[in-house]
Structure formats: structure tokens, C-alpha cells
Amino acid sequence: MDLINLSAHELNGFIKSKEVSVLDIAQDYAQRIESVDEKINAFITFDKNVFFSKAKEIDAYIRSGNEIFDFTGIPVAIKDNICTKGVRTTCASRILSSYISVYDATVIKKLNAQHFLMVGKANMDEFAMGSSNENSSFGAVRNPWNLDYVPGGSSGGPAASVAASEVPCSLGSDTGGSIRQPASLCGVVGMKPTYGRVSRYGLIAFASSLDQIGPFTRDIKDCAALLEAISGYDEFDSTSINTNVPRYKSFLNSDIKGMKVGIPKELMVKEIDLQVKESVENVLKMLEKSGAIVEEISLPSLEYALSVYYIIAPSEASSNLSRYDGVRYGYRNMDARTLREMYKKTRAEGFGPEVKRRIMIGTYCLSAGYYDAYYDKAQKVRTLIINDFKNAFSTYDVLISPTSPTTAFKIGDKVDDPLRMYLSDICTIPVNLAGIPAISLPAGISKTGLPIGVQVIGDLLREDNVLKIASAIESDVKWKIKPQI
Amino acid sequence: MENKTADLNNKYETVIGLETHVELSTETKMFCGCKLSFGEKPNTYTCPVCLGHPGSLPVVNKKAIESAVKIALALNCSISEHSIFHRKNYFYPDMPKNYQISQYDLPVGVGGYIDINMGNYVRKVKITRVHVEEDTGKLIHIGSTGRISEADYSIVDFNRAGTPLIEIVTDPDIKSPEEAKQYMITLRNTLLMLNVSDCSMEEGSIRSDANVSVKLTTTDKLGTRTEIKNLNSFKFLQKGLEYEVERQIDVLESGREVLQQTRHYDNKTQTTKVLRQKEEAHDYRYFPDPDLVPMKILPDWINEIKSALPELPGAREKRYKNSLGLSDYDSAFMANDFEISSYFEETLKHHNNAKSVCNWIMGDFSAFINKNQVTLKESKISPENLADLVKMIDRQEINSKIAKSVFEEMYDSGESPQEIILKKGLKQISDTGELEAIINEVILKNPDAVSQYKSGKVKAIGFLVGRIMAKTQGKANPQIVNEIIVKKLS
Amino acid sequence: MGNILNRKDIVHIAKLAELEYSDVEIEKITSQLDKIISHIAKIAEADTTDVLSTSRVLELSNVFRQDKARESLSREESLKNAPLEDSGGFKVPKID
Ligand SMILES: [Mg+2]
Ligand SMILES: [Zn+2]
């Protein structure tokens, strides 16, 4: 059986029917990782022995007649900014390169309760800052569809590992598009839930008011299941929402007749590739055919979204990343003779250039005399953006846009122009600012053989609408091509 | 010399504002479930949150907020309906995250006051704000002297990191070092009555920094102020401020300018020294902490807390005066010190004669305690035993002389007055039969005194009573003795 | 573009952030940051009269924990990632 090309729910069926053991699954995936990851570099930490012994443990659990949940024995890769007790958690940074977390993130606890099979820690842009996964101190991740191209970022490892069949699913994090953009560039499904739907406890903070953990999967059904598994209130996260988690799986294959779809013209930006535009338009035609009402709308404040994001995210980051000082954990410059020298050298050597750039931007925006003009102003404009979305959702069930204005770009293409790099998140960033849920799923493939993604955005806590529409799109696109590695 | 000082004191006015940090005595820390500890091995009460580990998040301790509201109410503040936490960013090794979660422009309480009784006048000190924050860890400086400047290196203990702190800031309303000291005493007693902190000076649970400036009496323009740190006892507070006021006056008198500085009080030399200049002042980059949500402290909640507030010193003083009939001085003495007041209240529960109890506490008891340099609480005399002693005196079961010796014994042994009286056979003889026999004997043996009395020297009776008291080792009830003698000799 | 930030600003910000740039790096970072800040400064144009600042997207308030103790980490766990340890504490160089 070709286990590595099955989805999580298919594997779950075989585990339940006892046709395959978890160790069988582990062996096939380990073999796949060993054969392709040298090229992809999706993993920072993968320990085959730990992987196999965990698989055997789960087999023993199953043999004892215990309940088999959706993710019992299912291999899941974990982005390396999610804390895993006793396992190295690096954030792809030199400053945490030898850090062993002393506790499990809440999402890990939730998946452990289902006896999931953790595969390893997936590569990413350092501290989740980047859109190409070139900012990793463990090396760039390559796009499985074309190894000269970036997989997107910052969750490049989680996206590429699913695209390259190294795992059926993975967890990433999304602050300004870090799940959706790489999902789009790698041709997989990736979802950012409502802010507060999934606990951030144990997610190494980049920008606290924007960060959210979410799933990468091969199909919408797995996405709904994985979202369901990790969602819910957590007393360790004051910003987590205390409402019941809907049965997300139940919204698939719904009738979308009469659902209202808005197309924000501000997200059909001028930088958009023609092929990307065509694919999104095809999706819209299909939705209309299925009975949805599609209309163009305007959210004027989105014009400022990129600026707002590049004030708020670095500001929060500058504070969140002050704790990396060489005192309690992580890298330290050992030659420094005084404390201040140690701070400066540790941080100058421990952080990469993009992380330092953002710390500098954030420090500037919060500093005396500039707070009102930058940080506070950005928070006000953020309110305008939220209001624009509220307005839109008073009429529309979902909004649709390209996920990324372009398909994957070449490695090295934008490294020296941060501002150009920042523009690749232009369609995803507004969603984080408003805290609303959105998914990216495959919408087509370019002439050069690179995937194109479409983004479906819902109102706060309306993951149901997002999944309904996404499921309808998926059934129409019926896209089964896989990258050849 | 004296005249010159007096002249200068008239020429200048002192302006002081205090910023006090109080550690709450909750069970757990401000943002995590670690227990509060004191004097434990370093880093034994820590977790990912209070060590600032990657990915950890704070969650607010509800009891700490309630304590903050209590304090704010006791200091007559208004409670902010909408209150949030900010991050105060600066790097220091005792700060696990290199930012402190604190409050900035939306603190729990604002705009209050507290009355400071200075004996011959009352000073109203306005409270600018009462806010909640987290404490830092502790640094231990390793080197020959243990001082930071001479240390080879330092080690950090995070047991204290994250302890809930309340910061109480006054307006610049305090006019002298003595007032500053009295403010601290009053504040501490108020906090002790609220039962929100142990307010231990030695353990640093209450510590103050002061902003001090002097200005010419003839102008309204405030002088340049300095901030004084390390004023961690009532004595240091007064001494440090006295030194600093004098220093500033000297600077001005010599025609120079006071510089805006942060200074450190050094108890060894009883002087203040420069810590840092204004130019080095921090840029804290305050912004609302995105990991926490706002607090809505609504009337219902405030009323619930208000209804559970204990009686505070001011109200207590009034009650002592009006309901218990104590003098102004006695009322203030009994109400304004938490320990004395608690002792007094407890004693009254067992014997309801406020005036007698008050006299004993202020008289003999205070004298003993001052002599031995202990506190009421540390003494072996329980309020119940003191109540019993005073009760016996009031019922004339013992006379004041015996009472004194019983008290001494109680003070030494901690035994009850009943036990001591029984053991030593000190019970008063009020039995007239028994007394009459002794009186007859004394009359017979002292004919001179008897005849003096009969010839009109009334004083002679004192001599006879004295003989009787001596014979009974003071146990005779003097009043009854008097009555019998008078009857017998008339 | 730019000229919002100069070299002196960069040195000041780096000091606040406890970062350090070499003379060569500082030229590059100054021009990069100047470009970025000049770009984001365009939010000044947005009309935010009577608009409140958002720092959270959710209408949550009063999220508290009860004052009940949880188990702390063992001292070994607390110190296990320490770059330098001394007498059960985290060792830091001379404080300047
Ligand atoms: Mg403070
Ligand atoms: Zn803790």
C-alpha cells in the first residue's frame, strides 16, 4: 500500500481496520523523509529512533483496545516554534539552537491526548519572520515542485513536508500569512483559525496579537479534523476563546446555494500574476455555477494593511524577543566580560539579519516620541480595517482572494529587498489584523508547473462558512497532481 | 549655627513624593501558579512563565486584583472601570522577559488621599495612583564585598520573579522627612489592617523610593528633583531624606544647580550617592500587553469587595473616641498602629473596659516592651490573659501593687494571672473575719498611732493600714481594711 | 525615498534593543530601515479622527485564574538550559 500518499483520514481508516500498524506507517514515512529531505530540508529535528519507538508505543496502546481517535498514530510534523517537552525547539534561530523545551505547548498536549505520532520539528523562517523560508539558520527550505524555488514562509517546512509526502499533515503558525502563503506556493491546504480559537500557549511568540497556530493538510477533510483536534479554550492563554468547538468535519460537502461571496477589489492587487488571477476567476465562476452569489466589494482601509502590519508585528516582536539575552537559556557569547557586552554580542550573533531588522523597526516605532505616530496610529488604522471587515461580513458569508499575488519565486530573488519580500503577504496580512479565519487551498497550476492558491476568508469564529466554500472549491478543482522529486 | 539652620529652613520648602512597592501575600505569583516563597533555595519556585521561557503566557491572579482594589478603596481612590496591563521594556538580568508587566495610563485606582496624623496637625497626602505589577528576581553579587560595583559576577534567583506588587504613588504633598516617615507608618498600618501583605520591612515586602526637591518659600515654582532609592526602613527613609534635603539646600546656597538624578541611600555613610544621571533615563517603550485582556472592574464587583473591607485606622480612631470614650491621644495611639490596635481589640473581646485596658497597654505594658525592645505580639502575654488581669483589678480582687507583680510574672512566664495568683497565694483577703483578727492585733501593738488618730491626726490611719498590708504581704483589700479600722477606732 | 532615519538614530535604537552593528553593517541597515520606515509612514495619511486604538481583536475581558498553587519546575529543569550556572542560580557577567 502506498501509505505516504494517503490522507490522514484514509490512514485512520486503515489503522482502525487494523490493516496497517502505526509502525508500518512510521517506516514508510521515515523512508520517504530519508530519501527526499536532503533536497527539501523541511526538518530541523528528525530522530528516527524516537519516531519508531513512539510508533510502537501507539501500536501497544491500540492493541490494548483503547479508543482510536482521528489522529491516533497519524504522523504530524510540528513547526519548530511550537514547544515540545524534552525535544529541541529552535525557532530556526541560532539563539535557540540548543534549547530543549521544558514543557509541551497546549496543541501538543491536545494531540498527545489522541496519541498522535510526532514526526519531528519542521523548518521555518527564523522566529517566523519571512515569506520564503530563506531566513533559517538551519538552511533554506526548497519547494518540492521545483527545488530552485522557495516554498514560501514562514512555515516553509510544514508546507513543503506535506507537499513532498514526508507527512500527511503538519502544524504551522500564521502571523501575517505564514500558513496560507506557503500552502499556496506548495499546493497544499493551510488554514489560519480565528484569533483565540487555538491556544497560543507554547507557541513561541512573534507578534502576540496576530499569531495563531493552524493545520497543513492534503485535503479539506483533514484540515477540518486537525483544526477540531487543536481548537478550544485554554486556561493558560488569556486570549483564548471560551466557546464550544463546532464539529468542523460536519460542514464539508454542504450545499452552498445562496451563500454570498465578496471579492475585495483591494486584494486583487495590481502586482497579481495573470495566471493567478485566472485561477481565482475560475474558482469564482464555479462557485456561481454552484449557486453562490459572487460580488465585487471594497474595503478601502486595506490600502494601509501592510503598513499597519509592519508597525504592529515588529513592535510586539521587539518586546517578545527581548527575553533572548543569554541568561536563562539559549545561545550566549561566552567571551563578553560585562553584562551589556554579553547582551549585545549574544543578540548580534544569535539573531539573523531579518530578525534584527524587525527588532529595530519595532523598537523605533515604540520609542519615546514615535509611539503616537507609529504604534498608536497603526492600532487606530487597525480598527478601521476591522470595521471594514465587519461591514463586509454583515452582507457576505465569505470573502475570496488570491492567497499570494504570485506563484513561488526563485531562491535568492528577494533576499536583498525586504520591502519587495513583504509585498508577497499583501493578501494574507489583513486577515491577521482583523483576527478572522482564512484558508488557502489549491486552485490550479501555472504553465511553469508551480501551484496557485485561493484564499477563503470568514467572519470571526465562522470557520464553518470557510470550510463549506473551501470544500466546494476542492471538489471542483479535483487536483491530484503531485510534485516529482 | 542653629540660627543659620533655622533661617535656611524658613527660606526653603521641602517637597516630597513617595512611590511605594508592596508585595502582596497571595498564595501564588501574579501571572503563574508558582507559590510565593521567601528564603528558599534559588530557583525552586519557578516555571516557564516566571522564567520567561519561550512560548509561555501570563494569566492574571484574581486575588491580586481584588487586593489592589481593596488598597485603592482604603486610600480613597476611584476605581478605573477599564484597566489594562502594559509592558515596560528594559533589559536587566533580574527580569525574566526583559519587560515588566505593569500598568501605565489605566491603573486600577486613581485620585485618592490618606490623612497623616502628625500629632498637632493632620496632613492630607493625595494618592496619584495605585497599580498592579510583577516583581523581579533577586541578584546575588559574588565578590569580596557583595556590592554590585565590586562584584566579579552575579547570579540570578527567580523565586521572587512574578510576585504580585502594588505600586502606590503620592502627589508631591509631603513637606518634611518626618511627614514622609509618618506617611509610611500610616500606609503600612492601613495595609496590615487590610490583610493584603505582611509588610515586612526586613524581607522587603514594602519598599519606597522618594522624589525630593526643595524650593524657595517665596515662589510656587518647584525645584529640580532627585529620586532616592533604597529607603527600606522608616529610619532610613527619614535619615536619607534629611540628608538629601540638606544636600540640595547646600547646593543651592553655594549658587549651583540641583541636577536631576537617581540617587542611592547608603546607610553606612548616611548619605545619598548618584546612581545615574537624567540623560541615562530609560526609554521604557510602554505598550498594552497583547497577551492579556482588559479588566472591567464594575460597581457590583467593587461593592462586593467594599463590603468585605475591615475597619480602617481613621474610622477606628473615631469609634474609640466617640463610642469607647477614650481621649484624643489614647484613641490615636490605640487605632493607628496595627499591632497595638489588634491587641487592644482582642483584649476588649475578653474584658469590655476600654479605659482600663487602654491604660494598661499604654502604661506598664508599653514600658516593658520598650525596655525589652520586643513587640506586643512577641511578648508572652496573650490578650486574654491581660483581659483577665484587668478584670481582676476592676473587680478589686487584687490591688494595683499585686497587679504589678502579677504582670511582671505574666510577662516573664506567659502564665495566666489566675495561675500566678494561685501559685503564689496572692489572692486578696476580703474576708472580714480573717481581716478583723489581723487588724485587732495591729491595733494592740501600735497604741501610739491609735492615740494619735483619736486625738485628731487622721493621717495616723495610713500607718496602721500599712502595717496590716505588710502583715498580709499586700493581699488585704485596702478599702475593707480602712472601713474596719475606722469603725473600730470610732 | 526616505531620510527619516540616520546613522545616529540607528545607533540609539540598537542601544535600546541591545543589538550591535559593525561599521559596515550600519550603512546597510540604515538605508534598509529608512526605506521601510518611509514606506510604513504612509499610514499618517489615514484619517483616524475619533477612532479608538485596537490592541486586541476579541471583546474579551476579566480573564483570571484563581489564586491556587500549581507545581513549579524542579530546580534541575529550571536550570537545565542555563548557559552558565553557579550555586543554583543563573550566572551573569559583571553588571555594568
Ligand atoms: Mg514599579
Ligand atoms: Zn512560575
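C:His12 exposes around 100 Å² of accessible area when a 1.4 Å probe is run over every protein chain in place.
Please give the FRET efficiency for A:Arg247 paired with A:Gln31, using the beta carbon to beta carbon distance and R0 = 35 Å, rounded to the nearest 0.05.
On the way: r = 35 Å, r/R0 = 1.00.
Using R0 = 35 Å, I get an efficiency of 0.50.
Which of the residue pairs C:Lys15/C:Lys91; A:Lys16/A:Lys56; B:Lys401/B:Lys459; B:Lys306/B:Lys391 have a Cα-Cα distance greater than 25 Å in the structure shown?
Numbers: C:Lys15/C:Lys91 23 Å; A:Lys16/A:Lys56 16 Å; B:Lys401/B:Lys459 21 Å; B:Lys306/B:Lys391 36 Å.
Among C:Lys15/C:Lys91; A:Lys16/A:Lys56; B:Lys401/B:Lys459; B:Lys306/B:Lys391, the Cα-Cα distance tops 25 Å for B:Lys306/B:Lys391.
Using C-alpha pairs under 8 Å with a sequence gap of at least 6, the mean separation divided by the residue count of the stretch A:371-485 gives a relative contact order of 28 percent.
Going from the isolated chain to the complete set of protein chains, the stretch A:317-345 loses at least 50 Å² of heavy-atom accessible area (1.4 Å probe) at A:Ser319, A:Ser322, A:Arg323, A:Val327, A:Arg328, A:Tyr329, A:Arg332, A:Leu339, A:Arg340, A:Tyr343, A:Lys344.
If you build the convex hull over the alpha carbons only and average its shadow over all orientations, what do you get for the protein assembly as shown? Give it in nm² to one decimal.
Across all orientations, the protein assembly as shown yields a mean hull projection of 56.9 nm².
Using only protein heavy atoms and a 1.4 Å probe, how much accessible area in total is buried between A and C, to the nearest 100 Å²? Answer for the A-C pair: about 5500 Å² buried. Subtracting the Cα-Cα distance of B:Asn482 and B:Asp300 from their residue separation scaled by 0.36 nm leaves 59.0 nm.
Given an 8 Å cut-off on Cα distances and at least 6 residues of separation, report the relative contact order of the stretch A:1-129 as a percent. All intermediate terms of the calculation are to be shown ahead of the outcome.
On the way: 185 pairs, mean separation 36.7, N = 129.
Relative contact order of the stretch A:1-129: 28 percent.
Measuring heavy-atom accessible area with a 1.4 angstrom probe and counting protein chains only, the residues of the stretch B:256-304 that give up at least 30 Å² relative to the chain alone are B:Asp283, B:Arg285, B:Phe287, B:Pro288, B:Pro290, B:Asp291, B:Val293, B:Pro294, B:Lys296.
Please identify every one of the trypsin sites (Lys or Arg not before Pro) in the stretch B:400-438 that sits in a loop by DSSP and has no more than 16 other beta carbons within 10 Å of its own beta carbon. Provide the component values of the computation, followed by the final result.
Details: sites: B:Lys401, B:Lys404, B:Lys423, B:Lys424, B:Lys427; in loops: B:Lys427.
Hits after loop and neighbour filter: B:Lys427.
Per residue, the stretch B:2-303 exposes an accessible area of 40 Å² to a 1.4 Å probe, with every protein chain left in place. When the accessible areas of C alone and B alone are added and the area of the pair subtracted, with a 1.4 Å probe, the result is around 3400 Å², both sides summed.
Just tell me which lysines come within less than 28 Å, Cα to Cα, of B:Lys215; anything on the same chain fewer than 8 places away is out. Cα-Cα hits under 28 Å: B:Lys4, B:Lys11, B:Lys124, B:Lys126, B:Lys175, B:Lys181, B:Lys229, B:Lys235, B:Lys239, B:Lys273, B:Lys278.
Taking the Cβ of B:Glu40 as the centre, find all other residues whose Cβ is under 12 Å away and add up their charges (Lys, Arg: +1; Asp, Glu: -1). Intermediate results must be reported in sequence, preceding the final value.
Numbers: positive: B:Lys35, B:Lys41, B:Lys138, B:Arg160, C:Arg75; negative: B:Asp157.
Local charge sum for B:Glu40: +4.
The long axis of helix B:177-194 is offset from the longest Cα principal axis of chain B by roughly 80 degrees. Comparing each chain alone with all protein chains together (probe 1.4 Å, DNA, RNA and ligands left out), the residues of the stretch C:34-53 losing at least 20 Å² of accessible area are C:Lys35, C:Ile36, C:Ile37, C:His39, C:Ile40, C:Lys42, C:Ile43, C:Glu45, C:Ala46, C:Thr48, C:Val51, C:Ser53. On average, how much accessible surface per residue is there in the stretch A:371-457, in Å², for a 1.4 Å probe, leaving out ligands, DNA and RNA? Roughly 28 Å² per residue, with all protein chains present. Using a Förster distance of 35 angstrom, determine the FRET efficiency expected from the C-beta separation of C:Arg75 and C:Ser22, and round it to 0.05. About 0.35, to the nearest 0.05.
Surface analysis of the stretch A:86-181 yields an accessible area of 18 Å² per residue, using protein heavy atoms and a 1.4 Å probe. For the protein assembly as shown, which whole-number percentage of the solvent-accessible area (1.4 Å probe, protein heavy atoms only) is attributable to carbon and sulfur atoms? Ligands and nucleic acids excluded, carbon and sulfur reach 48 percent. For A:Asp273 and A:Asn66, what does the FRET efficiency come to when R0 = 45 Å and r is the distance between their Cβ atoms, rounded to the nearest 0.05? Working from the Cβ atoms, E equals 0.35. For the stretch B:432-489, the direction-averaged projected area of the alpha-carbon convex hull comes to 3.3 nm².
By the Cα gyration tensor, the stretch B:311-424 has an equivalent ellipsoid whose semi-axes, rounded to whole angstrom, run 24, 15, 11 from largest to smallest. A straight line joining the Cα centroids of the stretch A:101-131 and the stretch B:97-164 runs 38 Å.
Take the alpha carbon gyration tensor of the stretch C:1-63, find the square roots of its eigenvalues, order them as a ≥ b ≥ c, and report rounded if a/c is under 1.5; if not, report prolate when a/b exceeds b/c, else oblate. Since a/c reaches 1.5 but b/c is at least a/b, the shape of the stretch C:1-63 is classed as oblate. Between the stretch A:194-226 and the stretch C:1-42, the C-alpha centres lie 33 angstrom from each other. Under a straight-distance cross-link criterion of Cα-Cα below 12 Å, which aspartates and glutamates are reachable from B:Lys380, leaving out those fewer than 8 residues away in the same chain? Hits, sequence-local ones excluded: B:Glu408, B:Glu409, B:Asp412, B:Glu415.
Could you give the nm distance between label points at A:Lys410 and A:Lys265, where each point is 7 Å from its Cα heading toward the beta carbon? Going from the A:Lys410 label point to the A:Lys265 one covers 3.6 nm. The stretch B:170-221 and the stretch B:426-468 have their alpha-carbon centroids 61 Å apart. Rounded to the nearest 10 square angstrom, A:Arg32 shows an accessible area of 50 square angstrom against a 1.4 Å probe.
A:Ile179 sits among other residues whose Cβ lies under 12 Å from its own Cβ, and their net charge, with Lys and Arg +1 and Asp and Glu -1, is 0.
Normalised by the number of residues in the stretch B:2-303, the average gap of Cα pairs under 8 Å and 6 or more apart makes the relative contact order 24 percent. When the Cα atoms of chain B are aligned to their principal axes, the ranges along those axes come out at 95, 57, 52 Å in descending order. Could you work out the local net charge near A:Glu166, counting Lys and Arg as +1, Asp and Glu as -1, over the other residues with Cβ closer than 10 Å to its Cβ? With Lys, Arg at +1 and Asp, Glu at -1, the net is -1.
Any idea of the total accessible area buried by the B-A contact, 1.4 Å probe, rounded to 100 Å²?
On the way: alone 25390 and 18650 Å², together 41270 Å².
Looking at B and A, the buried total is near 2800 Å².
Distance between the 7 Å Cα→Cβ label points at A:Glu341 and B:Met118: 5.2 nm. Using a probe of 1.4 Å on the protein chains alone, the accessible area found for B:Lys63 is around 90 Å².
The values are calculated or read from the model by the stated rules, or taken from the named source; none is laboratory data. As the structure is a prediction and not an experimental result, all values here were calculated from the model. Cβ sites come from the backbone with ideal geometry, for glycine too, and all protein chains shown count toward neighbours. For accessibility, only protein heavy atoms count, side chains too; no ligands or nucleic acids. Shrake-Rupley method; radii C 1.70, N 1.55, O 1.52, S 1.80 Å.
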